[in-house]
Amino acid sequence: MKEQIEQIKENSIKELSNAKDLKELNDLKVKYLGKKGELTQVLKTMGTLSTEERPIIGSLVNKVRDELNELIENKEKQLKQIELNQKLEKEKIDVTLPASKNKRGSKHPLNRVIEEIEDLFVSMGYDVVDGPELETDEYCFERLNLPKGHPARDMQDSFYITTEYLLRTQTSAVQARVMMANKEKTPIRVIVPGKTYRREDDATHSHQFNQVEGLVIDENITLAHLKGTLEVFMRKLLGENTQLRFRPSYFPFTEPSYEVDVSCFKCGGKGCNLCKQTGWIELLGAGMVHPNVLKMNGYDPEKYTGFAFGTGLDRLAMFKYGITDMRYLYRNDVRFLTQFDQMDT
Ligand code: FA5
């Protein structure tokens, strides 16, 4: 039996030393020391031995078992270290590699312009107000001095939903809403950025576009206030050297009315392809609120005066960022939209 134990010891030491991984080591542990393992089987036959042999063989089996346990423990440590090294080797991080780029969204050029305008006017004490895009004929036209059948209605080709409801053609509709909501309360100082709709579609006209409206009503408001306000507005947006030119025009809701041009910010007024060699770019409609409009919407025109202006935000964004076709603004092409991250003023 002694030889048998020595043989088991020899075999197991050889096999354990050659174990290549933890799984193999564990299988060998079971093979030799497990419940049905070879060494355990030897212990079970102890009953057949004489009383003299029993303690000798017993202590020999225990010694071998202790030796094997120690061997397994050491081998286990060694294999674990090897596994860890292999893992570390595989997961090695090259800190010199360039970092992968985070894809960030970018602000739409129209929103950039709207936010810039809002910040400016809020800093001058204006409120930013909103109105419905599905508007009534009453607010879009009638309360702005444009009764049914008025020829000036043809200036804006409209999307009517019913005979009474249409998609608003101008943010001026909100002028009447603000006046009706405040009735004689002054001062009114609001801007209204928002979507507007007309039956038009080409490189410089879109069926859906954006306007920003401005309205101020108080006692003693004059054309000088309008001029000063538009100067601040345009210079902030387009550059300190921007000049303004007021040309007489016609809007049913203002009297007098003006088209307001700004000096071309590309050539500084000398003439270039952007301003079609004129040196000027038409950007705004404006004027003093028509007395009829004041009266119709709850303000005494003998006591109050006001000014209003409106401009197309799409065109403003196009000029500011050098965009050649308005339809780019609505195609949501990420390559187009991300360009403006670097261009902020
Ligand atoms: C108006 O809409 C007036 N409500 C502006 C106004 C307000 C005048 C307050 C007086 C007092 P107009 O139709 O010119 O005016 O449009 C104003 C601007 O909207 C235009 O200068 C242009 O920049 C923009 N616009 C008009 N139609 C389109 C369109 N189809 N696509 C893109 N922009 C447009």
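What are the residues in region 276-296 that are within 15 Å of the ligand (Cβ to nearest atom) and part of a loop (DSSP other than H, G, I, E, B), if any? Matches in region 276-296: His290 only.
Looking only at region 215-231, which residues are part of a helix (DSSP H, G or I), open to solvent by less than 70 Å² (accessible area, probe 1.4 Å) and of a type in the set (A, V, I, L, M, F, W, C)? Hits for region 215-231 are Leu223, Leu226, Leu230.
Every residue in region 252-275 that is in a loop (DSSP other than H, G, I, E, B), small (Gly, Ala, Ser) and either within 9 Å of the ligand (Cβ to nearest atom) or buried (at least 17 other Cβ atoms within 10 Å of the Cβ) (or both), please.
Within region 252-275, the subset in a loop (DSSP other than H, G, I, E, B) is 252-253, 264-275.
Then drop every residue that is not small (Gly, Ala, Ser), which leaves 268-269, 271.
Of everything in region 252-275, just one residue is in a loop (DSSP other than H, G, I, E, B), small (Gly, Ala, Ser) and either within 9 Å of the ligand (Cβ to nearest atom) or buried (at least 17 other Cβ atoms within 10 Å of the Cβ) (or both), namely Gly269.
Residue pairs whose Cβ atoms lie under 7 Å apart, sitting 6 or more positions apart in sequence or on different chains, and linking a residue in region 54-70 that is within 13 Å of Ile13 (Cβ to Cβ) to a partner that is polar (S, T, N, Q), are Leu68/Ser12. The lone criterion from (1) over 30 Å from Val128 (Cβ atoms); (2) in contact (Cβ under 8 Å) with a residue 24 or more places away in the chain left unmet by Ser106 is number (1). Name the residue that is most open to solvent (accessible area, probe 1.4 Å), counting only residues in region 310-342 that are more than 15 Å from the ligand (Cβ to nearest atom) and among the hydrophobic types (A, V, I, L, M, F, W, C). My answer is Val334. Given the structure, is Gln175 out of contact with any Asp or Glu (no Cβ under 6 Å at 6 or more places or on another chain) and closer than 19 Å to Asp314 by Cα? Spelling it out, it is not the case that Gln175 is out of contact with any Asp or Glu (no Cβ under 6 Å at 6 or more places or on another chain) and closer than 19 Å to Asp314 by Cα. Pairing each residue of region 308-324 that is among the small types (Gly, Ala, Ser) and at pLDDT below 90 with any residue that is away from the ligand (no atom under 12 Å from the Cβ) and outside any helix (DSSP H, G or I), provided the two are 6+ apart or on different chains, yields C-beta distances under 9 Å for Gly322/Lys266; Gly322/Leu274; Gly322/Met343. Look at (1) exposed (fewer than 15 other Cβ atoms within 10 Å of the Cβ); (2) modelled with pLDDT under 95; (3) farther than 13 Å from Gln156 by Cα and you find that Glu200 fails only one, number (3). Val122 meets each of the listed conditions (1) within 18 Å of Val178 (Cβ to Cβ); (2) touching a residue at least 60 places away in the same chain (Cβ under 8 Å); (3) not basic (Lys, Arg) apart from (2).
The values are calculated or read from the model by the stated rules, or taken from the named source; none is laboratory data. This is a predicted model, so every value here is computed, not measured. Note that we place each Cβ from the backbone using ideal geometry, even for glycine, and neighbour counts take in every protein chain shown. Note: accessible area is taken over every heavy atom of the protein model, side chains too, but ligands, DNA and RNA are not part of it. Shrake-Rupley method; radii C 1.70, N 1.55, O 1.52, S 1.80 Å.
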